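The block underneath contains the structure these notes are about, expressed in structure tokens.
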Amino acid sequence: MALSTIAKLNNANVWATTSTKPIFHDSYIHKRNAPQRIQIAAAQSSGGGLAADFEEGQLKRPKWTGETPLSRLVGALISFKPLYSVLKLGARQVFISTAEKTNIPWRDMTKEILESDVYKEKDAIEDSSIAAAEAEAATMSMVRRAIPYASSLDEANQIVRGNWLQAIENHHQQYSGNSTIGDILDIGCSVGVSTRFLADKFSSANVTGLDLSPYFVAVAQYKEKKRNQRKQPIRWIHGNGENTGLPSKSFDLVSIAYVFHECPERAIKNMVKEAFRLLRPGGTLAVTDNSELSPVLFTLMKSTEPFLDEYYLTDLEGTLHQVGFVHVQAALTDPRHRTVTATVPY
């Protein structure tokens, strides 16, 4: 089931807190038969709190996906190589422009990675990858684009990351009894941004980040080594999320953040099955990814993400039920992203 997004800024109805954590409306939990509003607020700032209402409910698939005239037009545009190059460049420039307009030092961050010895972290790495060097800055830019009214990157993260983490914690507490989150696997961890947020939130847990790209894993390990040592160091693994090779029933939480929109339906289903195998009874799966995209942004993204159609046409909630998950829930955790949580039955 897809989710519709209605973001309404309403400073007259601000729901803020002096806490540094974002807050949830009590009724954020997904209900199948009745659309509902979800109100999420950033922490109070000097300029006053910011709030948004997100409405959750049924949504027909976007007109620009699948076998539709708009989808075929997008496909035709992308298949024309000179125009494809322009669209691909445009997609990258959207992120760079957002970063530079919001004081994210994209070029400096990229230069630091490319000029460092990060790629010595893995003997298997033979050359550098610009994508791995730019990944963290791109992630920051994505967060700012999701919350354009936030006064800073930190405030935007309080909403995007804070609400995602709170959704995970709330779901696990509700459906896993007194079970603690002791072991976490972040599948598709990229350069470790989501992994580090998970490790900060669940500081007593053993956290593992896994990614198919050795470049990304190398950058993740390099970045983590530059930070203060954690009580529980993050373990980094170069591996395939569809077949990790890790022991069955060895994790309490499996997170897959911003990965599925890059995958064909086959890979999505395989990762769901693998997550089910890896989780202990009562364990939680959390998937966060795109909700709606405008036709323009969809076209730009499809130039670099060829499986967007398959992502939007995949019935994720249905797949989770088929694999054996229970308590499958979906909620908008910011205007552009939804988080789907589910539990392995006891």
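Which condition breaks for Ala342 when tested against (1) farther than 30 Å from Ile147 by Cβ; (2) modelled with pLDDT of 95 or more?
(1)
What's the number of the only condition in (1) on the phi < 0 side of the Ramachandran plot; (2) open to solvent by less than 10 Å² (accessible area, probe 1.4 Å) that Asn170 fails to meet?
Unmet for Asn170, out of (1) on the phi < 0 side of the Ramachandran plot; (2) open to solvent by less than 10 Å² (accessible area, probe 1.4 Å): (2).
Going through the range 185-220 one residue at a time, which ones are in contact with a Cys (Cβ under 8 Å, 6 or more places away or on another chain) and of a type in the set (Phe, Trp, Tyr)?
Phe216, the sole residue that qualifies.
Give the number of residues within the range 290-304 that are open to solvent by less than 30 Å² (accessible area, probe 1.4 Å) and either in a loop (DSSP other than H, G, I, E, B) or within 12 Å of Ile268 (Cα to Cα) (or both).
Matching residues across the range 290-304 total 3.
Would a scan of the range 188-205 turn up a residue that is in a loop (DSSP other than H, G, I, E, B), open to solvent by 30 Å² or more (accessible area, probe 1.4 Å) and either touching a His at 6+ places or on another chain (Cβ under 8 Å) or under 21 Å from Thr139 (Cα atoms) (or both)?
Yes, there is a match, as at least one residue in the range 188-205 is in a loop (DSSP other than H, G, I, E, B), open to solvent by 30 Å² or more (accessible area, probe 1.4 Å) and either touching a His at 6+ places or on another chain (Cβ under 8 Å) or under 21 Å from Thr139 (Cα atoms) (or both).
How do the pairs read when you match residues in the range 210-224 that are acidic (Asp, Glu) with residues anywhere that are in a helix (DSSP H, G or I), using Cβ under 8 Å and keeping only pairs 6 or more apart or on different chains?
These pairs meet every condition: Asp211/Val217; Asp211/Ala220; Glu224/Arg196.
Identify the residue in the range 250-270 that is in a helix (DSSP H, G or I) and more than 15 Å from the chain's Cα centre (by Cα) and, among all such residues, is farthest from Tyr311 (Cα to Cα).
Asn270
Could you count how many residues in the range 326-346 are more than 20 Å from the chain's Cα centre (by Cα) and of a type outside the set (Val, Ile, Thr)?
Adding up the residues that qualify gives 3.
Residues of the range 138-160 being small (Gly, Ala, Ser) and either open to solvent by 30 Å² or more (accessible area, probe 1.4 Å) or under 16 Å from the mean Cα position of the chain (by Cα) (or both), which ones?
Those that are small (Gly, Ala, Ser) and either open to solvent by 30 Å² or more (accessible area, probe 1.4 Å) or under 16 Å from the mean Cα position of the chain (by Cα) (or both): Ala138, Ser141, Ala146, Ser151, Ser152, Ala156.
Scan the range 305-334 for residues that are outside any helix (DSSP H, G or I) and crowded, with 22+ Cβ neighbours inside 10 Å and report the count.
6
Which one of the conditions (1) of a type outside the set (S, T, N, Q); (2) within 19 Å of the chain's Cα centre (by Cα); (3) surrounded by fewer than 20 Cβ atoms within 10 Å (Cβ to Cβ) does Lys231 fail to meet, given that it meets all the rest?
With (1) of a type outside the set (S, T, N, Q); (2) within 19 Å of the chain's Cα centre (by Cα); (3) surrounded by fewer than 20 Cβ atoms within 10 Å (Cβ to Cβ) applied to Lys231, the lone miss is (2).
Limited to the range 247-260, what total is found for residues that are surrounded by fewer than 17 Cβ atoms within 10 Å (Cβ to Cβ) and not small (Gly, Ala, Ser)?
2
Would the range 133-148 turn up any residue that is of a type in the set (Val, Ile, Thr), within 19 Å of Pro335 (Cβ to Cβ) and not in a helix (DSSP H, G or I)?
For the range 133-148, residues of a type in the set (Val, Ile, Thr), within 19 Å of Pro335 (Cβ to Cβ) and not in a helix (DSSP H, G or I): present.
If you take the residues of the range 275-289 that are over 17 Å from the mean Cα position of the chain (by Cα) and open to solvent by less than 10 Å² (accessible area, probe 1.4 Å), which of them is nearest to Tyr346 (Cα to Cα)?
Gly282
When the residues of the range 228-249 are filtered to those that are charged (D, E, K, R) and in a loop (DSSP other than H, G, I, E, B), which remaining residue is nearest to Ala267 (Cα to Cα)?
Glu242
The values are calculated or read from the model by the stated rules, or taken from the named source; none is laboratory data. Only a predicted model underlies this, so the values are computations on that prediction, with no experimental measurement involved. Ideal geometry is used to build each Cβ from the backbone, glycine not excepted, and the neighbour counts take in all protein chains shown. The protein model used for the area step is the full one, side chains on, heavy atoms only, and it has no ligands, DNA or RNA in it. Shrake-Rupley method; radii C 1.70, N 1.55, O 1.52, S 1.80 Å.
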